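Below is one structure, written out as structure tokens; comments come after it.
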Amino acid sequence: MPSRNELLRYQLPQWNCDMRPPQTPRMKPPQPTVVMFCVLLFGTIGYSGCSSPNHFSARTLPPQLVAKKAENAQTLDLSKLATQYPSNELIGTGDVVEVTIAAGLGATEAVIFPTRIGEDGTANIPVVGPVELAGMELSDAEGAIASVAVSRGLYRQPHVTVTMKRRRLNRITVLGAVNKPGVVELPRDASDLLAAIVAAGNLSPTAGTHVEIRNPEKGAPSPTRNSDPIARVSGQTEMGKPNDINAGVGAKKTLQIDLVSAVKEGRGTEYRLEDGAVINVERHDYQPLQVIGLVTKPGKFDFPVGKDIHVLDAIAIAGGVSSKAANKIYVIRQRTDSSDPAVVTVSMQKAKSNGQENLLLQPGDVVSVEQTAATVMLDTITQVIRFTIGGSAAIF
């Protein structure tokens with residue numbers, strides 16, 4: 001049987017008399033890997049804004065890299081290209097006229113001869129013979145025929161009537177950005193650029209502002225003056241540059257016309273066309289606009305014809321920015337003088353109040369909304385808040 005002391009030892013609790021507070025565990029210093037990652041992250045973001053020979057701001061962009069404002073051919077007043085047509089009664093080569101000659105007052109005594117005006121300007125009228133009629137009004141032609149008939153002893157006092165039966169038509173081929181491309185027929189004395197465009201259904205929505213006219217070898221369009229500031233006439237030309245070369249009969253020339261200049265200057269009145277002429281209306285085939293980076297809907301978008309697009313417009317087309325802290329924008333633009341593209345830095349906040357900062361874009365531009373320290377920090381905080389709220393919701 002256990003003794004009394006042994007029983008007390010088993011029944012009494014064992015008290016811990018050590019009254020020192022427990023030691024708080026020390027915080028571990030940040031791991032070098034984490035510190036290095038943060039330094040590299042923010043250092044990389046900061047370094048990405050460093051300047052280079054191909055890096056510009058909206059204010060320092062050189063003139064040769066500035067996008068040109070869009071010209072919309074649909075809004076041009078093409079009526080200023082209209083020419084002054086000669087009288088409808090003017091006889092020309094290739095026209096068919098009907099000549100009626102009456103020797104007396106009786107209708108049965110009249111003779112009717114349809115005849116075509118030759119390339120030399122004369123008409124071979126039966127009984128009367130050849131008579132030069134080209135360039136005359138119908139009434140003048142009547143007097144000329146009567147005079148010749150009397151002078152040749154054929155009639156004493158003939159009554160002559162000349163009517164236009166069919167005018168000579170020019171066949172013009174219209175190609176490019178028109179609604180109905182193909183061959184159109186125009187009256188010889190009303191064959192000009194405006195008439196051809198209208199006959200081909202007018203300019204299409206994709207039409208540019210440059211037109212090329214090519215006449216056959218027997219003739220070519222001739223400007224109103226030898227030095228026309230609107231057009232350049234030569235075998236191989238550039239759009240809209242003047243030249244003193246005059247197109248004449250027997251030449252095979254090409255006329256390049258800038259519609260904007262022609263309409264504004266009001267000098268497009270003598271772009272006449274010969275039979276067999278070919279017109280080619282420039283068609284815009286723009287490279288797409290690409291928007292990438294911190295936007296809601298990144299991708300490629302068709303560049304609109306004849307409409308100005310700025311940086312903020314491009315971001316709106318892509319659904320807006322995906323980060324409220326986004327501000328830094330790169331506009332990447334191809335250069336004609338270098339294989340390396342130009343990079344233009346734009347501030348989104350400044351672009352909202354500064355027209356120069358809201359850079360005008362051109363076809364083929366790439367708009368990139370960039371990551372910055374602010375966007376990374378905001379994204380991190382947002383993720384932490386979402387994780388915390390999600391975890392709390394899971395507990396409850």
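The values are calculated or read from the model by the stated rules, or taken from the named source; none is laboratory data. Fair warning: this is a prediction, and the values are worked out from it, not measured in the lab. Positions of Cβ are generated from backbone atoms using ideal geometry, with glycine treated the same way; all protein chains shown enter the neighbour counts.
Looking for whichever is of a type outside the set (A, V, I, L, M, F, W, C), in contact with a His (Cβ under 9 Å, 6 or more places away or on another chain) and either surrounded by 14 or more Cβ atoms within 10 Å (Cβ to Cβ) or at pLDDT below 90 (or both) here; the options are ASP189, ASP258. Which one fits? I'd like the intermediate steps shown before the answer.
Values: ASP189 fails: in contact with a His (Cβ under 9 Å, 6 or more places away or on another chain).
Only one candidate qualifies: ASP258.
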**Criterion violated by LEU154 - all others in (1) touching a residue at least 40 places away in the same chain (Cβ under 8 Å); (2) more than 54 Å from the chain's Cα centre (by Cα); (3) part of a loop (DSSP other than H, G, I, E, B) satisfied** = (1)
**Item:** Filter pass, ALA141 being within 24 Å of GLN84 (Cα to Cα), among the hydrophobic types (A, V, I, L, M, F, W, C), surrounded by 13 or more Cβ atoms within 10 Å (Cβ to Cβ) and modelled with pLDDT under 90
**Value:** no
**Asked** Residue check, VAL148 against (1) surrounded by fewer than 16 Cβ atoms within 10 Å (Cβ to Cβ); (2) assigned to a helix (DSSP H, G or I), all met but one. Which one?
**Response** (1)
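Which of the residues spanning the stretch 342-364 are part of a loop (DSSP other than H, G, I, E, B) and either closer than 13 Å to GLN64 by Cα or in contact with a Leu (Cβ under 6 Å, 6 or more places away or on another chain) (or both)?
Initial filter on the stretch 342-364 (part of a loop (DSSP other than H, G, I, E, B)): 352-359, 361-364.
Passing the criteria: ASN358, GLN362.
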**Request:** For the stretch 118-136, enumerate the residues that are at positive phi and touching a residue at least 24 places away in the same chain (Cβ under 8 Å).
**Result:** GLY121, VAL127, GLY135
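Tell me, which residue of the stretch 123-141 that is among the hydrophobic types (A, V, I, L, M, F, W, C) and in contact with a Ser or Thr (Cβ under 9 Å, 6 or more places away or on another chain) is farthest from THR163 (Cα to Cα)?
Kept after step one, since they are among the hydrophobic types (A, V, I, L, M, F, W, C), are these residues of the stretch 123-141: 123, 125, 127-128, 131, 133-134, 136, 138, 141.
If we keep only those that are in contact with a Ser or Thr (Cβ under 9 Å, 6 or more places away or on another chain) too, we end up with 123, 125, 131, 133-134, 138.
Details: ALA123: 13, ILE125: 14, VAL131: 15, LEU133: 12, ALA134: 14, LEU138: 7 Å.
Once the filter is applied, the top-ranked residue is VAL131.
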**Asked** Checking ASP302 against (1) under 27 Å from the mean Cα position of the chain (by Cα); (2) surrounded by 14 or more Cβ atoms within 10 Å (Cβ to Cβ); (3) at pLDDT below 95, which single condition isn't satisfied?
**Response** (2)
**Fill in**
Scanning the stretch 262-289 for residues that are surrounded by fewer than 18 Cβ atoms within 10 Å (Cβ to Cβ) and among the polar types (S, T, N, Q) gives THR269, GLN287
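If the requirement is being free of Cβ contacts under 8 Å to residues at least 60 places away in the same chain and surrounded by fewer than 18 Cβ atoms within 10 Å (Cβ to Cβ), which of these qualifies: ILE329, ILE385?
Details: ILE329 fails: surrounded by fewer than 18 Cβ atoms within 10 Å (Cβ to Cβ).
Answer to the check: ILE385.
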**Fill in**
Only unsatisfied item for VAL367, checking (1) in contact (Cβ under 8 Å) with a residue 12 or more places away in the chain; (2) assigned to a loop (DSSP other than H, G, I, E, B), is (2)
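Regarding the stretch 218-236, can at least one residue be identified that is outside the structural domain of VAL305 (by TED's automatic domain parsing), buried (at least 19 other Cβ atoms within 10 Å of the Cβ) and modelled with pLDDT of 80 or more? Steps first, answer last, please.
Step one: filter the stretch 218-236 for residues outside the structural domain of VAL305 (by TED's automatic domain parsing), giving 218-236.
Now narrow it down to the ones that are buried (at least 19 other Cβ atoms within 10 Å of the Cβ): 219-223, 228, 230-233.
Still in the list and also modelled with pLDDT of 80 or more: none.
No; the residues of the stretch 218-236 include none that is outside the structural domain of VAL305 (by TED's automatic domain parsing), buried (at least 19 other Cβ atoms within 10 Å of the Cβ) and modelled with pLDDT of 80 or more.
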**Prompt:** Are there any pairs with C-beta distances below 7 angstrom linking a residue in the stretch 305-325 that is touching a residue at least 40 places away in the same chain (Cβ under 8 Å) to a residue that is among the acidic types (Asp, Glu) and assigned to a loop (DSSP other than H, G, I, E, B), with the two at least 6 apart or on different chains, and if so which?
**Reply:** GLY306/GLU71
